[in-house]
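Chemist: Can you keep this structure in mind? I'll have questions shortly.
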Amino acid sequence: MLGGTTEASRLAQTLAVAGRDAVFSYAGRTNRPALQPLPQRQGGFGGVAGLVAYLKAEAISHVVDATHPFAAQMSAHAVRACAEAGVALAAFERAPWQMQDGDIWLRVPDMAGAVAALPRRAARVFLAIGKQNLEVFAACPQHHYLLRLVDAPEVPLPLPLNTVVVARGPFDAGSDKRLMQDHAITHVVAKNAGGTGAEAKLIAARELALPIVMIDRPWVPERRILTRVEEVMAWLEHC
Ligand code: NAP
């Protein structure tokens, strides 16, 4: 199981309770990844070839890709490696968020689009995209950026005006609303992850009538998509 999301951890719980022989794989991006009720491994496999070798060495029969929808490289590697190794693959994927009444969304296709969608005048931006891709926003140094990161940054950030809050999700709408008010946020930038783990900021922004620059998901090669834990369990049983 390729993990790294709230939903992946939920699925791991069900697999463990069902006594499934499974291993949970983390990329190793955070210092203290959440402990899983399954055996864990950590770190990249070494590209497609490395993943093929791993699948064969461990006699893996099924791969569940429960990575974040923006982890497009890992997902693409999983499609290629499973095809090559003859291993069944399914993605455990949450549906993207949809706009609701009261939402003010500016939909953009990628990070560059998000930078371009911010105003020219100085704004106070809740940049809710994790620690990757921050350098793209250095093109707009006039904004003050609020970052929420799992670990305190170990190197200086490429954004001259920033505040870092260290916290790990899932978050709730009430505290996200307070966070945005406390930092006088005027704009939110978010990836359309879907799911419940990171939804609180959308609810908070809606209640505060703040615009969200919403980045669409990257393209991933076609694969079987399962959206519910029960579907994954049935697939493991029958395929
Ligand atoms: P990525 O760009 O798609 O992957 C880059 C490389 O990291 C992969 O080629 C692979 O290295 C390794 N990798 C990624 N996920 C892995 C996993 N679960 N187990 C083992 N190796 C993995 O991925 P990313 O966007 O950096 O995300 C990394 C992890 O953070 C993922 O597990 C994802 O679920 C989680 N995450 C990502 C985001 C996000 O916004 N991107 C948000 C929340 C959580 P090799 O090529 O060497 O195998």
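Chemist: Once label points are set 7 Å from the Cα along Cα→Cβ at both Leu208 and Val17, what is their separation, rounded to one decimal in nm?
Modeler: 3.5 nm
Chemist: In addition: State whether the chain is rounded, prolate or oblate according to the following rule on the C-alpha gyration tensor (a ≥ b ≥ c being the square roots of its eigenvalues): a/c under 1.5 gives rounded; otherwise a/b larger than b/c gives prolate, and the remaining case gives oblate.
Modeler: prolate
Chemist: For region 155-161, just list the computed ³J(HN,Hα) in residue order, Karplus coefficients 6.51, -1.76 and 1.60, θ = phi - 60°, integers in Hz, with x standing in for Gly and Pro.
Modeler: For region 155-161, the Karplus-derived couplings read 10, x, 7, x, 10, x, 10 Hz, x marking Gly and Pro.
Chemist: For the peptides 137-143, 7-13, what is the packing order when you average, over each peptide's residues, the other Cβ atoms within 10 Å and list the highest mean first? Numbers along the way, then the final one.
Modeler: Details: 137-143: 16.1, 7-13: 20.3.
Listed from highest to lowest mean packing, they are 7-13, 137-143.
Chemist: Return the FRET efficiency for the residue pair Ala184, Arg10: r is the Cβ-Cβ distance, R0 is 41 Å, and the value is rounded to the nearest 0.05.
Modeler: Efficiency for this residue pair is about 0.75.
Chemist: Starting with the highest mean, order 71-81, 106-116 by the number of other Cβ atoms within 10 Å, averaged over the residues of each peptide.
Modeler: 71-81, 106-116
Chemist: Label region 105-215 by shape, choosing from rounded, prolate and oblate, from the square roots a ≥ b ≥ c of the eigenvalues of the Cα gyration tensor; if a/c is under 1.5 it is rounded, and otherwise prolate applies when a/b is larger than b/c, oblate when it is not.
Modeler: It is rounded, given that a/c, with a ≥ b ≥ c, falls under 1.5.
Chemist: So what are the ³J(HN,Hα) numbers for region 21-30, from phi and the Karplus equation (6.51, -1.76, 1.60; θ = phi - 60°), rounded to whole Hz, Gly and Pro as x?
Modeler: Each residue of region 21-30 in turn: 7, 9, 10, 9, 10, 10, 5, x, 7, 10 Hz.
Chemist: How large is the charge dipole for the chain, taken about the Cα centre, if only the Cβ atoms of Lys, Arg (+1) and Asp, Glu (-1) carry charge, to the nearest 20 debye?
Modeler: Working: 24 positive and 22 negative charges, 94 e Å.
Dipole of the chain, to the nearest 20 debye: 440 debye.
Chemist: At what distance in nm do the modelled label points of Gln98 and Ala122 sit from each other, each positioned 7 Å from its Cα along Cα→Cβ?
Modeler: It is 4.1 nm.
Chemist: Please name whichever of Ala12, Val136, Ala193 sits farthest to the positive end of the charge dipole of the chain, dipole taken about the Cα centre and charges placed at Cβ: Lys and Arg +1, Asp and Glu -1.
Modeler: Val136
Chemist: Still on this model: Separation of region 143-200 and region 54-73 by C-alpha centroid, Å?
Modeler: Answer, in whole Å: 29.
Chemist: For region 105-215, with only Lys/Arg (+1) and Asp/Glu (-1) charged at the beta-carbon, what is the dipole magnitude about the Cα centre, in debye rounded to 20?
Modeler: 280 debye
Chemist: Still on this structure, I have one more. Report the paramagnetic label zone for Glu135: residues of region 153-194 whose backbone N is under 14 Å from a point 7 Å from Cα along the Cα-to-Cβ axis.
Modeler: 155-159
Chemist: Identify the trypsin sites (Lys or Arg not before Pro) of region 159-239 meeting these criteria: DSSP loop state and at most 15 other C-beta atoms within 10 Å of the C-beta.
Modeler: Details: sites: Arg168, Lys177, Arg178, Lys191, Lys201, Arg206, Arg223, Arg224, Arg228; in loops: Arg168, Arg223, Arg228.
When the trypsin sites (Lys or Arg not before Pro) of region 159-239 are filtered for loop state and at most 15 Cβ neighbours within 10 Å, Arg168, Arg228 remain.
All of the numbers you see were taken from the coordinates with simple rules; none came from a lab. A quick note: this is a predicted structure, and the numbers were derived from the prediction, not measured. Heads up, the Cβs are rebuilt from the backbone with ideal geometry, glycines too, and the neighbour counts pull from every protein chain shown.
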